[in-house]
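Have a look at the structure below before the remarks.
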Amino acid sequence: MTGTSDPGEADAGCDATLPPLAAVIARHGLQPKRALGQHFLLDPSLCGRIARAARPGTSAVILEVGPGPGGLTRALLAAGAARVVAVEKDRRCVAALGELQARYPDRLEIVEGDALAFDIATLGTARIGIAANLPYNIGTRLLLRWLERVELIESMTLMFQKEVAERITAAGGKDYGGLSVRAQWLCTCERLFDVSPRAFVPPPGVVSTVVRLVPRPAPLAPAEPDALDAVARAAFGQRRKMLRRALRGLTQDPLALLESAGISPQARAETLSVAEFCALARAWSAMRHT
């Protein structure tokens, strides 16, 4: 926890007239709650780095989930965000964020509620940016929900548990799976940097990683979303087996399916590209329709 005289806070471009986060936390009794998956990121230099990666000045609205006492919120405002909508479930944090909102009444909106129930379509017609230090327990579910409305999103700069970040960005191998296929089908995905547990209060038991996802103008290749999810789930469900065996739960004739998609029956799920999964999904859709 740092005061306003900390050089890192100046480097992050934070408003030096704001009270130190340590004082805000003490005033509102913000002890992180394990049940909410809270790990507060207070380092102003790191918050500034994440905010700059989010490029908030390029989006009409930035959605932040789980802002806690507002470390990243401050950095997003300092980095030029025209409007930040912060969704926070913890009423104690909502009260603390109210102090920041009083300083930026036209640029910061606080929504008390569950991010899983928040509809991003309510934020307006312009495409939005999303920047967040996501709670570990709901990070993947939130990402999958946002991918369902990817046409509304300009970019996502998100912090996950490192293991999840590796799954999102993997292009093959043991970390490659259904999450990789879905995310990369719709977005370009890039791991930016790791964040040490020591940067958080309390320190989590794992390293975190910031990932940037930018929606593609169109999906990487044609496919029906449900079909793509189904073939990926079947293939990775038995990832050690060749596809001619792994896909038996999907169709009675996996060899015909693979031949139609132009994929070797000896291939395994972790060796297929996202485009090949799309070809497999198209072939399966065609078989079902006939």
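Looking at segment 185-242, which of its residues are closer than 21 Å to Leu152 by Cβ and among the hydrophobic types (A, V, I, L, M, F, W, C)?
Once the filter is applied, which keeps residues that are closer than 21 Å to Leu152 by Cβ and among the hydrophobic types (A, V, I, L, M, F, W, C), segment 185-242 yields Trp185, Leu186, Cys187, Cys189, Val211, Leu213, Val214, Ala218, Leu220, Ala223, Leu228.
What single numbered condition from (1) surrounded by fewer than 19 Cβ atoms within 10 Å (Cβ to Cβ); (2) assigned to a loop (DSSP other than H, G, I, E, B); (3) at pLDDT 95 or above fails to hold for Thr140?
Condition (2) is where Thr140 drops out.
Among (1) out of contact with any strand residue (DSSP E or B) (no Cβ under 9 Å at 6 or more places or on another chain); (2) surrounded by fewer than 14 Cβ atoms within 10 Å (Cβ to Cβ), which single condition is Pro202 missing?
With respect to (1) out of contact with any strand residue (DSSP E or B) (no Cβ under 9 Å at 6 or more places or on another chain); (2) surrounded by fewer than 14 Cβ atoms within 10 Å (Cβ to Cβ), Pro202 is out only on (1).
Name the residue, out of Leu158, Leu192, that is open to solvent by less than 10 Å² (accessible area, probe 1.4 Å) and in a strand (DSSP E or B).
On the way: Leu192 fails: open to solvent by less than 10 Å² (accessible area, probe 1.4 Å).
Only one candidate passes the filter, namely Leu158.
How many residues are surrounded by fewer than 21 Cβ atoms within 10 Å (Cβ to Cβ), farther than 15 Å from Phe200 by Cβ and touching a Pro at 6+ places or on another chain (Cβ under 8 Å) if we restrict to segment 28-78?
Total meeting the criteria: 1.
Return the residues of segment 235-262 that are of a type in the set (A, V, I, L, M, F, W, C), in contact with a Phe, Trp or Tyr (Cβ under 9 Å, 6 or more places away or on another chain) and open to solvent by 10 Å² or more (accessible area, probe 1.4 Å); say none if nothing qualifies.
Correct list: Phe236, Leu250, Ala261.
Residue by residue through segment 166-189, note down the ones that are of a type in the set (Gly, Ala, Ser) and in a loop (DSSP other than H, G, I, E, B).
Of segment 166-189, the ones of a type in the set (Gly, Ala, Ser) are 170-173, 177-178, 180, 183.
Selection gives Ala170, Ala171, Gly172, Gly173, Gly177.
Given the options Ala232, Ala275, name the one that is open to solvent by 20 Å² or more (accessible area, probe 1.4 Å) and either modelled with pLDDT under 95 or out of contact with any Ser or Thr (no Cβ under 7 Å at 6 or more places or on another chain) (or both).
On the way: Ala232 fails: open to solvent by 20 Å² or more (accessible area, probe 1.4 Å).
Every option except Ala275 fails the conditions.
Do any helices (runs of 4 or more DSSP H) lying entirely in segment 195-290 carry at least 1 residues that are among the β-branched types (Val, Ile, Thr) and touching a helix residue (DSSP H, G or I) at 6+ places or on another chain (Cβ under 8 Å), and which ones are they?
Numbers: elements: 225-237, 243-246, 254-261, 274-289.
By residue number, 225-237, 274-289.
Identify, by number, the condition in (1) without any contact (Cβ under 8 Å) to a residue 40 or more places away in the chain; (2) among the acidic types (Asp, Glu); (3) within 30 Å of Arg268 (Cβ to Cβ) that Asp114 doesn't meet.
(3)
Somewhere in segment 126-138, is a residue within 26 Å of Leu280 (Cβ to Cβ) and hydrophobic (A, V, I, L, M, F, W, C)?
No, that holds for no residue.
Please find, within segment 119-135, the residue that is least open to solvent (accessible area, probe 1.4 Å) out of those that are in contact with a Leu (Cβ under 8 Å, 6 or more places away or on another chain) and in a loop (DSSP other than H, G, I, E, B).
Restricting attention to segment 119-135, the residues satisfying the condition of being in contact with a Leu (Cβ under 8 Å, 6 or more places away or on another chain) are 120-121, 123, 127-135.
Of the ones still in play, those that are also in a loop (DSSP other than H, G, I, E, B) are 127, 134-135.
On the way: Arg127: 107, Leu134: 4, Pro135: 23 Å².
Applying the filter and picking the extreme gives Leu134.
For segment 79-98, what are the residues that are open to solvent by 10 Å² or more (accessible area, probe 1.4 Å) and closer than 18 Å to Pro44 by Cα?
Ala79, Gly80
What helices (runs of 4 or more DSSP H) completely inside segment 11-104 contain at least 3 residues that are under 26 Å from Gly124 (Cβ atoms)?
Because the criterion is at least 3 residues that are under 26 Å from Gly124 (Cβ atoms), the helices (runs of 4 or more DSSP H) in segment 11-104 that meet it are 44-54, 71-78, 91-103.
Under 9 Å between Cβ atoms, which residue pairs at least 6 apart in sequence (or on different chains) link something in segment 203-231 that is within 18 Å of Leu147 (Cβ to Cβ) with a partner that is of a type in the set (Lys, Arg) and assigned to a loop (DSSP other than H, G, I, E, B)?
Pro215/Arg127
The values are calculated or read from the model by the stated rules, or taken from the named source; none is laboratory data. In this text the structure is predicted, and so the values were computed from the model without any measurement. Note that each Cβ is placed from the backbone with ideal geometry, even for glycine, and that neighbours are counted across all protein chains shown. Surface accessibility is based on the protein's heavy atoms, side chains included, excluding ligands, DNA and RNA. Shrake-Rupley method; radii C 1.70, N 1.55, O 1.52, S 1.80 Å.
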